[in-house]
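Structure, as structure tokens:
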Amino acid sequence: MLQKCEGIVIRATDYGETNKVVTFYTREWGKIGVMARGAKKPNSRLSAITQLFTHGYFLVNKGSGLGSLQQGEIISSMRSIREDIFLTAYSSYILELTDRSTEENKSNPFLFELLYQTLNYLNEGYDQDVLTHIYELKMLNVLGLYPILNKCSVCGSTDGHFSFSIREGGFLCHRCLDKDAYHLKISQATVKLLRLFYYFDLSRLGNISVKKETKMELKKIISAYYDEYSGLHLKSKKFLDSIDQFRNLI
């Protein structure tokens with residue numbers, strides 16, 4: 001049965017000499033996989049529309065198993081992302097995080113919109129680190145994780161100076177620091193941004209300027225939380241971390 005959907009290519013794998021198995025994240029159905037026959041041929045009408053990051057409308061023959069891609073219409077090829085190695089690295093991480101955090105045929109229009117907005121902002125040149133951290137924090141709920149970022153995770157207090165406790169899964173106020181000897185000290189700017197990024201609507205993103213030291217703290221907290229609770233080990237994250245180290249040396 002032929003059906004039309006709006007989707008973003010999040011993974012493409014060669015299959016045989018001329019075909020590809022393509023994974024879309026769609027507005028209508030969530031994640032789906034399709035066979036794109038002949039897509040590896042340079043002159044194929046499916047070649048351009050099955051490139052990673054492509055946002056478009058797709059006509060899919062959707063059955064009980066792996067469907068097949070019939071045709072598509074590109075809305076955006078996310079050209080700036082493709083042409084910049086750093087943007088490609090950040091965006092690839094976002095795609096892999098989405099792929100590994102979701103099940104097939106489980107609709108989540110909110111997540112589609114989040115993915116589209118994030119890639120679009122990256123493509124337009126917004127801050128890569130800020131966008132990545134916002135996406136990471138918002139993906140936690142998709143993974144069934146709910147960090148406590150609006151109060152102390154032990155006493156529930158909403159005022160005071162906060163640190164972060166991986167063990168307690170959220171903020172720790174200065175009165176409860178003895179509850180976790182391994183709490184992570186963070187600046188109040190990092191406290192504010194963790195809370196903001198987790199709760200706010202990405203469509204309202206303006207030009208957020210974040211100091212390098214604050215970015216490093218955000219990355220440390222988010223990475224440690226993911227390592228402890230998500231169960232994910234992503235190749236793209238390792239590559240992104242190595243690129244970050246290289247950039248810090250420049």
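The values are calculated or read from the model by the stated rules, or taken from the named source; none is laboratory data. Note that the structure is a prediction, hence the values are computed from the model and not measured. Virtual Cβ from ideal backbone geometry, glycine too; neighbours counted across all protein chains shown.
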Yes/no for ILE74 being in contact with a Ser or Thr (Cβ under 7 Å, 6 or more places away or on another chain), among the hydrophobic types (A, V, I, L, M, F, W, C) and buried (at least 20 other Cβ atoms within 10 Å of the Cβ): no
The range 154-170: number of residues that are modelled with pLDDT of 95 or more, in contact with a strand residue (DSSP E or B) (Cβ under 6 Å, 6 or more places away or on another chain) and farther than 17 Å from LEU218 by Cα: 1
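Surrounded by 15 or more Cβ atoms within 10 Å (Cβ to Cβ), more than 18 Å from ASP14 (Cα to Cα) and under 25 Å from the mean Cα position of the chain (by Cα): is that true of GLY56 in this structure?
Working: surrounded by 15 or more Cβ atoms within 10 Å (Cβ to Cβ): yes; more than 18 Å from ASP14 (Cα to Cα): yes; under 25 Å from the mean Cα position of the chain (by Cα): yes.
Answer is yes for this residue.
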Residues satisfying the stated conditions in the range 193-250, i.e. part of a helix (DSSP H, G or I), farther than 14 Å from LEU131 by Cβ and among the β-branched types (Val, Ile, Thr): THR214, ILE221, ILE243
Filtered residues of the range 174-206 (kept if among the polar types (S, T, N, Q) and closer than 28 Å to SER242 by Cβ): SER187, THR190
The range 148-188: number of residues that are β-branched (Val, Ile, Thr) and either in contact with a His (Cβ under 7 Å, 6 or more places away or on another chain) or closer than 23 Å to LYS215 by Cβ (or both): 3
Conditions (1) under 22 Å from LEU97 (Cα atoms); (2) loosely packed, with under 13 Cβ neighbours inside 10 Å: number failed by ASP244: (2)
Condition check for ASP14: surrounded by fewer than 17 Cβ atoms within 10 Å (Cβ to Cβ), within 25 Å of the chain's Cα centre (by Cα), within 20 Å of THR132 (Cβ to Cβ) and of a type in the set (D, E, K, R): no
LEU97 under 21 Å from THR132 (Cα atoms), assigned to a loop (DSSP other than H, G, I, E, B) and not acidic (Asp, Glu): no
Residue tally, condition surrounded by 10 or more Cβ atoms within 10 Å (Cβ to Cβ), among the hydroxyl-bearing types (Ser, Thr, Tyr) and more than 18 Å from SER163 (Cβ to Cβ), over the range 200-228: 1
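Among the residues that make up the range 231-246, is at least one of them over 16 Å from the mean Cα position of the chain (by Cα) and within 20 Å of TYR126 (Cβ to Cβ)? So that I can check it myself, show each step before the final result.
Here is the first cut: in the range 231-246, the residues over 16 Å from the mean Cα position of the chain (by Cα) are 242-246.
Narrowing the set further to residues that are within 20 Å of TYR126 (Cβ to Cβ) leaves 243-244.
Checking the range 231-246: at least one residue is over 16 Å from the mean Cα position of the chain (by Cα) and within 20 Å of TYR126 (Cβ to Cβ).
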Contacts under 7 angstrom Cβ, first residue in the range 85-107 being within 17 Å of ASP127 (Cβ to Cβ), partner among the basic types (Lys, Arg) and part of a helix (DSSP H, G or I), 6 or more apart: THR88/ARG82; TYR93/LYS237
Number of the exception - ILE186 against (1) touching a helix residue (DSSP H, G or I) at 6+ places or on another chain (Cβ under 8 Å); (2) part of a helix (DSSP H, G or I): (2)
Cross-chain or 6+ apart pairs with Cβ under 9 Å, the range 172-199 first and buried (at least 16 other Cβ atoms within 10 Å of the Cβ) and among the acidic types (Asp, Glu), then outside any strand (DSSP E or B) and modelled with pLDDT of 95 or more: ASP180/VAL154; ASP180/ILE166; ASP180/ARG167; ASP180/GLU168
Members of the range 229-240 found to be over 21 Å from LEU149 (Cβ atoms) and either touching a residue at least 24 places away in the same chain (Cβ under 8 Å) or surrounded by 14 or more Cβ atoms within 10 Å (Cβ to Cβ) (or both), listed by number: LEU234, LYS235, SER236, LYS237, PHE239, LEU240
